[in-house]
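I have placed the structure first, in the form of structure tokens, so that the comments after it can refer back to it.
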Amino acid sequence: MRLATWNVNSVRSRQDRIVDWLQRSDVDVLAMQETKCKDAQFPYERFTDIGYEVAHVGLSQWNGVAIASRVGLDDVQVGFEDQPGFSKDPEIDPAQEARAIGATCDGVRVWSLYVPNGRELADPHYTYKLEWLAALKADAQAWVTADPQAQIALVGDWNIAPTDDDVWDPALFEGKTHTSQAERDAFTAFGDAGFTEVTRQFTPEPRTYTYWDYTQLRFPKKQGLRIDMALTSPALAARVTGASIDREERKGKGASDHAPVIVEIG
């Protein structure tokens with residue numbers, strides 16, 4: 001199986017590129033983030049026309065996650081069991097956002113995840129981000145405890161650069177989100193729960209990134225972040241035979257600011 005994750009930054013704006021890429025890349029399952037549309041606005045036919053089933057959750061012009069699969073799409077679940085919600089107004093009850101969707105594809109339980117950004121260290125959204133990650137880790141740990149042979153892939157935009165090597169200029173991010181110790185500890189906790197980030201061992205070169213901001217010529221200057229990753233359960237990690245980052249797809253007119261990340265599963 002070829003499993004990919006891609007923050008597409010608006011599926012409607014980039015549907016031509018996404019469909020063309022799927023046909024060129026021979027990917028079996030694509031997890032998408034930041035679809036930025038409601039369910040009724042998702043271009044399902046563009047995917048079904050080339051043989052992919054799609055599960056999507058989107059509530060507004062923000063967030064949104066999807067899974068497209070040509071190897072089965074069963075037991076779709078919107079949100080993980082203990083997924084917290086968010087409200088910027090303390091007078092309003094927190095509501096669950098469109099940030100997680102799971103489905104079983106050819107025996108692999110795939111989760112497409114769009115981790116909250118956090119915004120700033122003093123922002124309530126940062127606390128929400130840490131709570132969201134802690135809840136996901138607890139649920140994921142429960143899944144593998146219940147079934148040690150479970151084939152689980154947690155893929156998506158984690159909005160965390162786990163090490164200084166994953167940031168083009170660590171000093172620039174001092175005191176900001178994505179690189180804070182609390183966020184990195186939250187990411188590391190998935191390893192303690194038995195999950196392995198499987199892309200790094202196959203893409204170990206310095207300055208290997210998955211995201212480049214649109215501003216200040218970040219992409220041609222190779223000034224990016226590595227924040228799109230794939231974490232797998234122990235049983236699935238043993239089946240991973242390769243991984244790559246399709247940096248070419250970040251080039252050209254109308255590109256997303258993220259590149260697709262592909263995992264090969266034997």
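The values are calculated or read from the model by the stated rules, or taken from the named source; none is laboratory data. Note that the structure is predicted; figures quoted are calculated from it, not measured. No Cβ is skipped: glycine too gets one built from the backbone with ideal geometry, and neighbour counts run over all protein chains shown. Accessible surface is based on the protein model in full, side chains and every heavy atom, while ligands, DNA and RNA are left aside. Shrake-Rupley method; radii C 1.70, N 1.55, O 1.52, S 1.80 Å.
Under the condition of being open to solvent by less than 20 Å² (accessible area, probe 1.4 Å) and out of contact with any Gly (no Cβ under 8 Å at 6 or more places or on another chain), which residue from region 73-98 is farthest from residue 15 (Cα to Cα)?
Here the answer is 83.
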query: Before we move on, is residue 68 among the small types (Gly, Ala, Ser), more than 21 Å from residue 231 (Cα to Cα) and either in contact (Cβ under 8 Å) with a residue 12 or more places away in the chain or assigned to a loop (DSSP other than H, G, I, E, B) (or both)?
result: no
- request: Answer yes or no: is there a residue in region 193-213 that is more than 20 Å from the chain's Cα centre (by Cα) and outside any loop (DSSP other than H, G, I, E, B).
  value: no
- prompt: Only one of (1) open to solvent by less than 50 Å² (accessible area, probe 1.4 Å); (2) over 20 Å from residue 264 (Cα atoms); (3) more than 17 Å from the chain's Cα centre (by Cα); (4) not basic (Lys, Arg) is not met by residue 225, so which one is it?
  reply: (3)
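Take residue 55 and decide whether it is in contact (Cβ under 8 Å) with a residue 40 or more places away in the chain, touching a helix residue (DSSP H, G or I) at 6+ places or on another chain (Cβ under 9 Å) and open to solvent by less than 80 Å² (accessible area, probe 1.4 Å). So that I can check it myself, show each step before the final result.
Values: in contact (Cβ under 8 Å) with a residue 40 or more places away in the chain: yes; touching a helix residue (DSSP H, G or I) at 6+ places or on another chain (Cβ under 9 Å): no; open to solvent by less than 80 Å² (accessible area, probe 1.4 Å): yes.
It is false that residue 55 is in contact (Cβ under 8 Å) with a residue 40 or more places away in the chain, touching a helix residue (DSSP H, G or I) at 6+ places or on another chain (Cβ under 9 Å) and open to solvent by less than 80 Å² (accessible area, probe 1.4 Å).
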query: From the list 76, 110, 54, which one is in contact with a strand residue (DSSP E or B) (Cβ under 6 Å, 6 or more places away or on another chain), over 25 Å from residue 243 (Cα atoms) and in a strand (DSSP E or B)?
result: 76
- prompt: From 240, 263, which residue is farther than 20 Å from residue 33 by Cα and either modelled with pLDDT under 95 or of a type outside the set (D, E, K, R) (or both)?
  reply: 240
- request: Could you check how many residues of region 16-58 are within 18 Å of the chain's Cα centre (by Cα) and not aromatic (Phe, Trp, Tyr)?
  value: 18
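Just to be sure I understand, how many residues within region 189-222 are at positive phi and open to solvent by less than 70 Å² (accessible area, probe 1.4 Å)?
Looking only at that region, the number is 1.
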field: Condition check for residue 121: open to solvent by 60 Å² or more (accessible area, probe 1.4 Å), touching a residue at least 12 places away in the same chain (Cβ under 8 Å), within 25 Å of residue 183 (Cβ to Cβ) and hydrophobic (A, V, I, L, M, F, W, C)
entry: yes
field: Members of region 228-266 that are within 17 Å of the chain's Cα centre (by Cα), open to solvent by 30 Å² or more (accessible area, probe 1.4 Å) and of a type in the set (Ser, Thr, Tyr)
entry: 244
field: Complete set of residues in region 86-107 that are hydrophobic (A, V, I, L, M, F, W, C) and either more than 20 Å from residue 34 (Cα to Cα) or in a loop (DSSP other than H, G, I, E, B) (or both)
entry: 92, 98, 105
message: Name the single residue that is most open to solvent (accessible area, probe 1.4 Å) among those in region 12-48 being part of a loop (DSSP other than H, G, I, E, B) and within 18 Å of residue 115 (Cα to Cα).
response: 36
statement: Note on region 160-187: residues open to solvent by 50 Å² or more (accessible area, probe 1.4 Å), assigned to a helix (DSSP H, G or I) and not small (Gly, Ala, Ser) are 164, 165, 172, 181, 185
query: among the hydroxyl-bearing types (Ser, Thr, Tyr), in contact (Cβ under 8 Å) with a residue 40 or more places away in the chain and open to solvent by less than 60 Å² (accessible area, probe 1.4 Å), is that true of residue 60?
result: no
